[in-house]
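In what follows, a single structure is set out as structure tokens and then discussed.
The values are calculated or read from the model by the stated rules, or taken from the named source; none is laboratory data. All values reported here derive from a predicted model rather than from experimental measurement. Methodologically, a virtual Cβ is constructed for each residue, glycine included, from the backbone with ideal geometry; neighbour enumeration extends over all protein chains shown. Keep in mind that these areas ignore ligands, DNA and RNA; they rest on the heavy atoms of the full protein, side chains included. Shrake-Rupley method; radii C 1.70, N 1.55, O 1.52, S 1.80 Å.
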Amino acid sequence: MHEKLKRVSLRALLLLRILVILIPIITLLSWLFPDNILSKSILSPSIGGFIKADQVNVFMWNNKLIGLVGSFFNLLPFVLSLVWLIKLFKNYALGDIFTVQNAKIYSRLGYVCLFSALLLQPVSQILFSLAVSINYTVGQRFIAFGFGGGNLTAIIGGASLIVIAYVMRIGHEIDEERNLTI
């Protein structure tokens, strides 16, 4: 059983390592060069319903910079989660399952989900709307943000991960007691 967990963990590690490098690079390139095909397909959904794909071509450097900062706020919890998942799957590949370190990772993942849903996602949406409308004439600019299903999903997921972390700590205590029993 541990051998299968090791194989799956090693495959997940490879995928996570690729993602932790590739996603920030693609996002950066999408904002710096919004007029290529790759950017249009990746950038357009990231700024939500604020702008049409053909309007991205007229972005100036201030639009791009504000959008890039918004993407940073949006990607920060995701990249942090990938880094912590890499640590978690390394531990699983080594056979360390019910450990305090894994419980801490689950707890961190839960808190980053909550922090993202309650603060970083709304700030990111505000920055995206600002990136789109900063060059509009006075009276046409807007700032928008929302709190919807994605935020609620992240809150529920974060709370669940915090509970899982607590269960992992209990599992670690039970595992230690079992190892000490003669």
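Structure summary
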| read-out | value |
| --- | --- |
| Single residue of segment 172-182 satisfying the filter (in a helix (DSSP H, G or I), out of contact with any Ser or Thr (no Cβ under 9 Å at 6 or more places or on another chain) and not charged (D, E, K, R)) that is surrounded by the most Cβ atoms within 10 Å (Cβ to Cβ) | 174 |
| Some residue of segment 137-145 being in a helix (DSSP H, G or I) and either open to solvent by 50 Å² or more (accessible area, probe 1.4 Å) or out of contact with any Leu (no Cβ under 7 Å at 6 or more places or on another chain) (or both) | no |
| Matching residues in segment 1-29 - criterion: being free of Cβ contacts under 8 Å to residues at least 24 places away in the same chain and open to solvent by less than 70 Å² (accessible area, probe 1.4 Å) | 26 |
| Residue count, segment 146-158 (criterion: over 14 Å from residue 103 (Cα atoms) and assigned to a helix (DSSP H, G or I)) | 9 |
| Residue in segment 34-57 that is of a type in the set (A, V, I, L, M) and modelled with pLDDT of 65 or more present | no |
| Output for segment 146-171, where each listed residue is in contact with a helix residue (DSSP H, G or I) (Cβ under 6 Å, 6 or more places away or on another chain) and open to solvent by 50 Å² or more (accessible area, probe 1.4 Å) | 164, 169 |
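Let's see how each residue does on (1) under 22 Å from residue 10 (Cα atoms); (2) touching a residue at least 40 places away in the same chain (Cβ under 8 Å); (3) within 21 Å of the chain's Cα centre (by Cα):
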position	(1), (2), (3)
89	yes, yes, yes
104	yes, yes, yes
136	no, no, no
155	no, yes, yes
